[in-house]
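Data block below; observations after.
The values are calculated or read from the model by the stated rules, or taken from the named source; none is laboratory data. Since the structure is predicted, the reported quantities are computational estimates derived from the model, not experimental observations. Positions of Cβ are generated from backbone atoms using ideal geometry, with glycine treated the same way; all protein chains shown enter the neighbour counts.
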Amino acid sequence: MTSFKVKNMVCDRCKSVLKSELEKNGLRIAHIELGEVTFEESSNIEINKVREILDRNGFELVIGQKEQLITQIKKHLIVGLQDQSLNQNLSKYIVDKMNKDYSVLSKLFSAHEGITIEKYFIGLKIESVKELIQMGDRTFSEIAYQLGYNSSSHLARQFKSATGMSMGAYQKAREWNRKPLDQIV
């Protein structure tokens, strides 16, 4: 089996679109998960064809070891936030998922992305807060609790620092200026 790391694959819809597009082009998928596609052994894979399909759909093929590590870090953070399994210290979570020294991963991430892992994760949380506010079915306290904040006031300060407005003002403005998760950096 042949596997490729894929950048910008951040949700189940991304997996579905990519699977459909690859299969439509005659490639047989053995397994697909956030950030990675594994093809069946019998699939005749042309790297340029795969790259073209990925590019056409807003994804990128990850080639280098460093890029693969960055993509894996992002994938683990997105999954941990979405399934609420990231209920521990961020660095411990990354170490548990990656089985690598956090300081090495942190330096690599910062050098490559121009932002720390912590600030990237806060960006993910802020976009999740925007989505939850837009849905309108939770209080700010419930949103804070869902995203692992100890208090809604901590979330409120972080939200205002990141967006320049309070959560209440964001809710009232109804200008949902959300960023796709793959564009956070």
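Out of the residues in the range 99-122 meeting the condition of being under 15 Å from the mean Cα position of the chain (by Cα) and closer than 15 Å to residue 76 by Cβ, tell me which one is surrounded by the fewest Cβ atoms within 10 Å (Cβ to Cβ). Among them, the one singled out is 118.
Checked against (1) under 18 Å from residue 121 (Cβ atoms); (2) surrounded by 13 or more Cβ atoms within 10 Å (Cβ to Cβ), residue 83 passes all but condition (2).
Every listed requirement among (1) more than 24 Å from residue 65 (Cβ to Cβ); (2) out of contact with any helix residue (DSSP H, G or I) (no Cβ under 8 Å at 6 or more places or on another chain); (3) in a helix (DSSP H, G or I) is met by residue 137 save one, (3). Which of the residues that make up the range 4-30 are over 12 Å from residue 53 (Cβ atoms), assigned to a loop (DSSP other than H, G, I, E, B) and not polar (S, T, N, Q)? If the condition is that a residue be over 12 Å from residue 53 (Cβ atoms), assigned to a loop (DSSP other than H, G, I, E, B) and not polar (S, T, N, Q), then 9, 10, 11, 28 are the ones that fit. Taken as a whole, the structure leaves residue 62 outside the set of residues that are at pLDDT below 90, within 16 Å of the chain's Cα centre (by Cα) and surrounded by fewer than 19 Cβ atoms within 10 Å (Cβ to Cβ).
Which one is surrounded by the fewest Cβ atoms within 10 Å (Cβ to Cβ), of the residues in the range 146-166 that are among the small types (Gly, Ala, Ser) and either part of a loop (DSSP other than H, G, I, E, B) or in contact with a Lys or Arg (Cβ under 8 Å, 6 or more places away or on another chain) (or both)? Within the range 146-166, the match that is surrounded by the fewest Cβ atoms within 10 Å (Cβ to Cβ) is 164.
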